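Participant: Below you will find the structure I want to go over with you.
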Amino acid sequence: QVQLVESGGGLVQAGGSLRLSCAASGRAGGMGMGWFRQAAGEEREFVAGIAWNGRTTDCLDSVKGRFTVSKDNAKNILYLQMNDLKAEDTGVYYCAADWGAITCGRYFANWGQGTQVTVSS
């Protein structure tokens, strides 16, 4: 069983920064992990992911150059550094984990509860 707990969300002004964290426990060691987000009334979208070997995959053009995914393998914590935040980045951000390669659009079996990010303009 895998447990994923996100933290770091909150309210920030446009142009500001936040760093999200996802603490993984259970059988998450060695899994690829990723960040998704879902705005109200919209579908969930894959932001970025990182494979077990550290290779990152960016899936959302609108955040490229502003968001960076990383992972502390020793602590099994996934991060999402978000800079120059915009109002359209508002949503619930979810952490996910699963075995196998990280590709945009892939299915993840394990999910966290999500953390709310609100960007005021």
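Participant: Given the convex hull of the Cα atoms of the stretch 1-68, what is a quarter of its surface area in nm²?
Facilitator: Value for the stretch 1-68: 5.6 nm².
Participant: Still on this structure, I have one more. About the Cα centre, and with charges only on the beta carbon of Lys, Arg (+1) and Asp, Glu (-1), how big is the dipole of the chain? Nearest 20 debye, please.
Facilitator: 360 debye
Participant: Also, I was wondering about something else. Over the chain, average the accessible area per residue using a 1.4 Å probe and give it in Å², no decimals.
Facilitator: Here the per-residue accessible area is 51 Å².
Participant: Read phi for every residue in the stretch 98-108 and hand back ³J(HN,Hα) as whole Hz from Karplus 6.51 cos²θ - 1.76 cosθ + 1.60, θ = phi - 60°, with x for Gly and Pro.
Facilitator: Residue by residue, the stretch 98-108 yields 5, 6, x, 5, 9, 9, 4, x, 6, 8, 10 Hz.
Participant: Taking the chain as a Gaussian network, Cα atoms linked when under 10 Å apart, which of 91, 54, 26 shows the biggest mean-square fluctuation?
Facilitator: Top of the fluctuation ranking is 26.
Participant: Of the candidates 98, 61, 72, which one comes out as most mobile in a Gaussian network treatment of the chain with C-alpha springs shorter than 10 Å?
Facilitator: With Cα springs under 10 Å in the chain, the top fluctuation among 98, 61, 72 is at 61.
Participant: Could you calculate, for the chain, the ratio of the Cα radius of gyration to the Kirkwood radius, expressed as Rg to Rh?
Facilitator: 0.94
Participant: So which cysteines of the chain have no other cysteine's Cβ under 4.7 Å from theirs?
Facilitator: none
Participant: Evaluate the distance, in nm, between pseudo-label points positioned 7 Å from the Cα of residue 84 and of residue 53 along their respective Cα→Cβ axes.
Facilitator: Result for the modelled spin labels: 3.1 nm.
The values are calculated or read from the model by the stated rules, or taken from the named source; none is laboratory data. What you are looking at is a predicted structure, and each value in this text was computed from that prediction instead of being measured. Counting neighbours? That spans all protein chains shown, and the Cβs are built from the backbone with ideal geometry, glycine included. What goes into the accessible areas is simple: the full protein's heavy atoms, side chains included, and nothing from ligands, DNA or RNA. Shrake-Rupley method; radii C 1.70, N 1.55, O 1.52, S 1.80 Å.
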